[in-house]
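**Q** Sharing a structure below in structure tokens format, with a few things to ask.
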Amino acid sequence: MASDGGLVVSFGEMLIDFVPTVSGVSLAEAPGFLKAAGGAPANVAIAVARLGGKAAFLGKLGEDEFGRMLAAILRENGVDDGGIRFDDGARTALAFVTLRGDGEREFMFYRNPSADMLLRPEELDVDLIKKAKIFHYGSISLISEPCRSAHMRAMDVAKAANALLSYDINLRLPLWSSPEEAKTWIMSIWDRADIIKVSDVEFEFLTGDSTMSDETAMSLYHPNLKLLLLTLGDQGCKYYTKNFHGAVGSISVKPVDTTGAGDAFVGALLCKIVDDQSVLQDEKRLREVLRFSNICGAITTTKKGAIPSLPKEPEVLALLKGAKEC
């Protein structure tokens, strides 16, 4: 782990993704699966650490072989795992991920309930949260109790400690009882975040607008928000602040698996701003950071699995040097 610099604390789920060894087939047709560590908040923590930043992960795993393996993977990647709790009554979550021919994914989850859903507010490592300069989370931890209350408590502690709150929607509709419930809970904490990232699919889900218009994007803006990001896959991203907005392109790659691309993007952004949040008010510097973040996301799509494909900085800089935007 980096010895200096601000700490990014990521809160939420960590699980095992089982990715088919062959793309473009259904789960039933897949001849085999590649086991890969995953879970968006954990991916973000490792993305930060891979790029030389200081990261910690906060969540709950099963007291089982997979849970211990995931904690070890965090440590091996330089992420502080001191905020992890283990549950001896529930298993670590599993997700089988179908890769379509274009590298996009479909999910089948095993969590009835999984350990991550059972984190209680009193189990939170409050001291760790108070050390965070950035506190990052998604929406899956809002789906059920007691994790929902733990999520709310963690946000309260982070905000009171003046951390920047970073929210990646990470919509997984099959996990919610209904689309309406998903939207209600996703929006319930919307106006507390300082940075919000939504994908094009999530943007359409929340707004009904498939055109990704700037006007609709600004309807999602709230008074305390410092940066709203709309990711557009291989087309890069759009960004919105109080004073300016624009778009930054990505690079052209051949996608193999898009799992973790958004997390690589977010991790890169948080790593670059954690020690200098003035970047958020400087459009030129913000565009440079987003260009770097887009390339991190693009690199991640060229390999299978999320964590195994998260890049290190030299790999990104090599591409950045001669790359042209899409």
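The values are calculated or read from the model by the stated rules, or taken from the named source; none is laboratory data. Computed from a predicted model, the values in this text were never measured in an experiment. Here Cβ is always computed from backbone atoms with ideal geometry, including for glycine, and neighbour counts include all displayed protein chains. Just the protein is used for accessible areas: all its heavy atoms, side chains included, with ligands, DNA and RNA removed. Shrake-Rupley method; radii C 1.70, N 1.55, O 1.52, S 1.80 Å.
**Q** Filter segment 241-281 down to residues that are among the charged types (D, E, K, R) and open to solvent by less than 50 Å² (accessible area, probe 1.4 Å) and give me whichever is nearest to residue 215 (Cα to Cα).
**A** So the first thing to find is which residues in segment 241-281 are among the charged types (D, E, K, R), and the list is 242, 254, 257, 263, 272, 275-276.
Restricting the remaining residues to those that are open to solvent by less than 50 Å² (accessible area, probe 1.4 Å) gives 257, 263.
Details: 257: 32, 263: 26 Å.
Checked segment 241-281; the qualifying residue nearest to residue 215 (Cα to Cα) is 263.
**Q** Output the residues belonging to segment 282-326 that are open to solvent by 30 Å² or more (accessible area, probe 1.4 Å) and of a type in the set (S, T, N, Q).
**A** The answer is 302, and nothing else.
Here's the yes/no breakdown for (1) in contact with a helix residue (DSSP H, G or I) (Cβ under 6 Å, 6 or more places away or on another chain); (2) part of a loop (DSSP other than H, G, I, E, B); (3) surrounded by fewer than 17 Cβ atoms within 10 Å (Cβ to Cβ); (4) modelled with pLDDT under 95:
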{"site": "128", "(1), (2), (3), (4)": "no, no, no, no"}
{"site": "134", "(1), (2), (3), (4)": "yes, no, no, no"}
{"site": "152", "(1), (2), (3), (4)": "no, no, yes, no"}
{"site": "159", "(1), (2), (3), (4)": "no, no, yes, no"}
{"site": "180", "(1), (2), (3), (4)": "no, no, yes, no"}
{"site": "183", "(1), (2), (3), (4)": "no, no, yes, no"}
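**Q** For residue 4, are the conditions met, namely being over 17 Å from residue 107 (Cα atoms), charged (D, E, K, R), open to solvent by 20 Å² or more (accessible area, probe 1.4 Å) and at pLDDT 90 or above? Spell out how you get there, then give the answer.
**A** Working: over 17 Å from residue 107 (Cα atoms): yes; charged (D, E, K, R): yes; open to solvent by 20 Å² or more (accessible area, probe 1.4 Å): yes; at pLDDT 90 or above: no.
When the stated conditions are applied, residue 4 does not pass them.
**Q** Let me ask another. Please count how many residues of segment 105-123 are within 20 Å of the chain's Cα centre (by Cα) and not in a helix (DSSP H, G or I).
**A** Here the count works out to 9.
**Q** Let me ask another. Can you tell me which residue among 52, 59 is open to solvent by 10 Å² or more (accessible area, probe 1.4 Å) and either more than 16 Å from the chain's Cα centre (by Cα) or of a type outside the set (A, V, I, L, M, F, W, C) (or both)? Before the answer, list the steps.
**A** Details: 59 fails: open to solvent by 10 Å² or more (accessible area, probe 1.4 Å).
Exactly one of 52, 59 is open to solvent by 10 Å² or more (accessible area, probe 1.4 Å) and either more than 16 Å from the chain's Cα centre (by Cα) or of a type outside the set (A, V, I, L, M, F, W, C) (or both), namely 52.
**Q** Moving to a separate point now. Could you tell me which residue of segment 161-178 is most open to solvent (accessible area, probe 1.4 Å), considering only residues that are part of a loop (DSSP other than H, G, I, E, B) and closer than 16 Å to residue 205 by Cα?
**A** That would be 177.
**Q** Mind checking which residues of segment 246-278 are among the hydroxyl-bearing types (Ser, Thr, Tyr) and closer than 20 Å to residue 201 by Cα?
**A** 250, 258, 259
**Q** Pairs needed: first member in segment 177-193, of a type in the set (Val, Ile, Thr); second member anywhere, open to solvent by 10 Å² or more (accessible area, probe 1.4 Å); C-beta distance under 9 Å; at least 6 residues apart or different chains.
**A** 186/171; 186/202; 186/205; 186/206; 189/152
**Q** Considering 148, 85, which residue is among the basic types (Lys, Arg) and within 24 Å of residue 205 (Cα to Cα)?
**A** Details: 85 fails: within 24 Å of residue 205 (Cα to Cα).
Going through 148, 85 in turn, the sole match is 148.
**Q** A further question on this structure: Which ones in segment 28-42 are open to solvent by less than 40 Å² (accessible area, probe 1.4 Å) and either farther than 13 Å from residue 93 by Cα or not in a strand (DSSP E or B) (or both)?
**A** The answer is 30, 32, 39, 40, 41, 42.
**Q** Right, next: Any chance segment 81-99 includes a residue that's assigned to a helix (DSSP H, G or I), of a type in the set (S, T, N, Q) and either closer than 30 Å to residue 232 by Cβ or open to solvent by less than 60 Å² (accessible area, probe 1.4 Å) (or both)?
**A** Of all residues in segment 81-99, those assigned to a helix (DSSP H, G or I) come to none.
No, every residue in segment 81-99 fails to be assigned to a helix (DSSP H, G or I), of a type in the set (S, T, N, Q) and either closer than 30 Å to residue 232 by Cβ or open to solvent by less than 60 Å² (accessible area, probe 1.4 Å) (or both).
**Q** Follow-up question, since we're still on this one. Among the numbered conditions (1) buried (at least 17 other Cβ atoms within 10 Å of the Cβ); (2) among the small types (Gly, Ala, Ser); (3) farther than 28 Å from residue 202 by Cα, tell me where residue 138 comes up short.
**A** Status for residue 138: all satisfied but (3).
**Q** Then there is this: Within the group 206, 220, 232, 228, which residue is open to solvent by less than 10 Å² (accessible area, probe 1.4 Å) and either in contact (Cβ under 8 Å) with a residue 40 or more places away in the chain or not aromatic (Phe, Trp, Tyr) (or both)?
**A** Every option except 228 fails the conditions.
**Q** Kindly evaluate residue 105 against the criterion of being at pLDDT below 95 and either more than 20 Å from residue 141 (Cα to Cα) or of a type in the set (Asp, Glu) (or both).
**A** yes
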